[in-house]
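Below is one structure, written out as structure tokens, with a few remarks after it.
Here, each number is a calculation from the coordinates, and none is a lab measurement. Quantities reported herein were computed from a predicted structural model and do not represent experimental measurements. All Cβ positions, glycine included, derive from the backbone under ideal geometry; neighbour counts span all protein chains shown.
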Amino acid sequence: MSGQRPKLLTFDAFAKTVEDARIRTTSGGIITLFCIFVVMFLIRNEYSDYTSVITRPELVVDRDINKPLDIYLDVSFHNLPCDLLSLDIMDEAGDLQLDILKSGFEKFRIVKDSEEEIIDRESTPINADLSIEEMAKGLKEGEDGECGSCYGALPQDKKQYCCNDCETVKLAYAEKLWGFYDGENIEQCENEGYVQRVQSRINGKEGCRIKGNARINRISGTMDFAPGASFTSSGHHVHDLSLYDKHPHLNFDHIVNKLTFGPIPDESVPTAESTHPLDNYGVALNDKNHVFTYYLKVVATRFEFLNGASKALDANQFSVITHDRPISGGKDNDHQHTLHAKGGIPGVVFHFDISPLKIINREQYAKSWSGFVLGVVSSVAGVLIVGSLLDRSVYAAESAIKGKKNM
């Protein structure tokens, strides 16, 4: 063993100094106190990082792509009565939901000079779920019963079609692509009070607020607001613009109060704020023949919290690009080198593109226990090494100055 000791001495990285060879200086004491202060400060920062919670995002394939997606919408149109407004949703799979305002949404009348919004349960658009044969079902030969006039929109020489209410007459006019206007001089509409209601709301310059939920396929599609009743004729989706074109003060200036995809996120979660980029966004151009378009990119998002008591939050983030143009086309007023296409109908259109990927935001501590220990050791060692070099430099400078004075 005695023969191995000299060899081991060469590997000693912690060489000892003789106590008598140590020299204590005032500058060394100051540097030591400064090093202690710096070490305590760095240890405090390491502990703060160790106890802090951060969110780390992860991008994965969305396994829920086949599940339906909920849309919550709240939008106000201040220059368009509820009777003239329709909302349709169509996706790339060809599924078309006409006049979904009849089921999942509610209309609220915005009355001028009144802070109260009146829920509108009278404004009923064309029933797109029933065919003209079902709505205007005629009488069998020899059968007695009421058979209202369709005003030439449907053949009635043998009472094969009967229009006994205002909505049926509207649908019959839609099949003929005739302008229905406000139903004036149509007996069924006059008796039901439809004409008086529509005229009073237009003359009173009422607006309309729409809010509610709809369920769509989780694929790309469009959601559009347009004037007049919507219907499908000969494979084409069209709207009756007759009444909208008749009154010059009607337009699609609007405010998007809220628009979310999926469950409405918990407002108490700070990370969920980015899921509502269109909240309280509005436009007011006062242009009757104008179309407003929003291009939305929707990405499913999941928030997983460090606290096990909090449930994971499923939401959807989306980015948006806004665009508007006059349907007459021509040069843009603000950008003279931009030429708009001509055509279309006035309204508000939301194009949504559903991403097949999903973002998972997981809460976790910024550092592990081993990372905290390593950070503390590195901080202490680094400060001591720098302090030692600084002390040697100061001591060497003091010795050099004293040597010159002694000369």
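Going by neighbour counts of Cβ atoms within 10 Å, the residues S399, S220 line up, fewest first, as S399, S220. Working note: Karplus 6.51/-1.76/1.60 with θ = phi - 60° gives the range 156-161 the couplings 9, 5, 10, 6, 6, 10 Hz, where Gly and Pro are set to x. The range 376-393 and the range 313-375 have Cα centres separated by 50 Å.
Shown is the FRET efficiency for K67 and T322, computed with R0 = 22 Å from the Cβ-Cβ distance and rounded to the nearest 0.05: 0.15.
Counting 0.36 nm for each residue step from E134 to S370 and taking away their Cα separation leaves a gain of 77.6 nm. Fewest-first ordering of M135, M40 by other beta carbons within 10 Å of each residue's beta carbon gives M40, M135. In percent, rounded to a whole number, the relative contact order of the range 299-407 is 27, using alpha-carbon pairs under 8 Å and six or more apart. Above 20 Å, the calculated P(r) of the range 274-407 contains 73 percent of its Cα-Cα pairs. Stretching V380 away from D332 to a fully extended chain increases their span by 10.8 nm, per 0.36 nm per residue minus the current alpha-carbon distance. When the listed pairs K170/K205; K112/K342; K205/K331; K170/K211; K311/K358 are checked against a 28 Å cut-off, the alpha-carbon distance exceeds it for K112/K342; K205/K331. Length gained on full extension, I23 to N307: 96.8 nm, using 0.36 nm per residue less the C-alpha separation. Charged neighbours of L339, selected by a Cβ distance under 12 Å, balance to +2 (K, R count +1; D, E count -1). Spin-label model, K112/A341: points 7 Å from Cα along the beta carbon direction are separated by 3.6 nm.
With R₀ set to 41 Å, the beta-carbon distance separating R362 from L33 gives a calculated FRET efficiency near 0.45.
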